[in-house]
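To start, the structure under review is shown below, and the notes come after it.
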Amino acid sequence: MAQCEQVLTPVDGVVARLRALDAALPARDGVAVFNRVYLAVTQAVDRRVDAGLFPDPRAVITLDVRFAERYLAAVDAAADGRRPPACWRPLFQSRRHPGVRPVQFALAGINAHIGHDLALAVVDTCRTLGCEPADLEDEFEAVGELLLSLEERIRDELVPCPESLRIADPLTHLLGAWSLDRARDAAWTAARALWALRRLPDVAAEFTERLDTAVGFAGRMLLTPLPD
């Protein structure tokens, strides 16, 4: 009896690319820190797709891949000596700074990817599938639940001795100043606004540029070097 061949999905291609980056980058590199986090969540989405846990797997796969393409395009731009989007520049510029903690790198990457890329990925997905953002809301929320659980894991694994952090510790202030839940809500609002502006390309481009700049500013704050 012949063995069934494994059917590869577009998400498998994303996972392969993220694994290749993980193998190529030094472990302490700030982009590598975020990449490991992103690999974990992409694998979690892939497992849930395989298990049939999403109501519309095609929509989830399309959103997941369009989302990943934004990050991978930023990686390619930096590798080629081109300027990545403003939201990603702080991470690529500070990736080797000795005064930045791993949890800061992780949160700065998540800030760029959720705060900017997610809204654009929702619009990309709607164009690919010929649907409206409202048609993707269930999938957006399902993936968001995975991201929230991942944020807890990041803080547990990357925050040094959390029980020893004092209320006045600068890292405590940084960690409390950013919320994945709020960023995800803002991304959904931005996606709906961009979709509403799709027939006004000049206004949509200006909105996207302002979003990119604002998220980049937040990322720069998250990457403030801290004393030991």
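The values are calculated or read from the model by the stated rules, or taken from the named source; none is laboratory data. Only a predicted model underlies this, so the values are computations on that prediction, with no experimental measurement involved. Please note: Cβ atoms are built from the backbone with ideal geometry, for glycine as well, and neighbour counts cover all protein chains shown. When the accessible area is computed, the model is the full protein with side chains, heavy atoms only, and any ligands, DNA or RNA have been set aside. Shrake-Rupley method; radii C 1.70, N 1.55, O 1.52, S 1.80 Å.
If you count only protein heavy atoms with a 1.4 Å probe, what accessible area per residue comes out for the chain, rounded to a whole Å²? All intermediate terms of the calculation are to be shown ahead of the outcome.
Values: 11870 Å² over 228 residues.
Value for the chain: 52 Å² per residue.
Ignoring ligands, DNA and RNA, what percent of the 1.4 Å accessible area of the chain is carbon and sulfur?
Working: 6490 of 11870 Å².
The C+S portion of the solvent-accessible surface of the chain is 55 percent.
By how many nm would the segment from Glu206 to Asp76 lengthen if fully extended, with 0.36 nm per residue of separation less the alpha-carbon distance?
Taking Glu206 through Asp76 to full extension adds about 44.4 nm, to one decimal.
In whole Å, largest first, what are the principal axis extents of the Cα atoms in the stretch 59-154?
44, 32, 16
Give me the net charge of Cys126's neighbourhood, meaning all other residues with Cβ under 11 Å from the Cβ of Cys126; Lys, Arg count +1, Asp, Glu -1.
+1
How much net charge surrounds Pro55 when only other residues with a Cβ under 9 Å from its Cβ are counted (Lys, Arg +1; Asp, Glu -1)?
The answer is -3.
Let me check I have the definition right: for the chain, take the eigenvalues of the Cα gyration tensor, multiply each by 5, take square roots. What are those semi-axes in whole Å, largest first?
28, 23, 17
Please list Arg83, Arg19 in order of solvent-accessible area, largest first, computed with a 1.4 Å probe with all protein chains present. Don't skip to the end; give the middle numbers.
Numbers: Arg83 175, Arg19 135 Å².
Largest accessible area first, the list is Arg83, Arg19.
What is the sum of charges around Ala214, taking Lys and Arg as +1, Asp and Glu as -1, for the other residues whose C-beta is under 14 Å from the C-beta of Ala214?
Working: positive: Arg89, Arg182, Arg210, Arg220; negative: Asp117, Glu206, Glu209, Asp212.
Taking every other residue near Ala214 into account, the sum is 0.
Once you charge only the Cβ atoms, +1 for Lys and Arg and -1 for Asp and Glu, what is the size of the charge dipole of the chain about its Cα centre, to the nearest 20 debye?
Dipole about the Cα centre, nearest 20: 800 debye.
Going through the DSSP H helices of the chain, which span 15 Å or more along their own axis at the Cα atoms while scoring at least 0.5 as a mean Kyte-Doolittle hydropathy?
10-24, 57-79, 102-112, 118-129
Once the dipole of the chain is set up with Lys and Arg at +1 and Asp and Glu at -1 on Cβ about the Cα centre, which of Thr62, Ala79, Ser179 lies farthest towards its positive end?
Of Thr62, Ala79, Ser179, it is Ala79.
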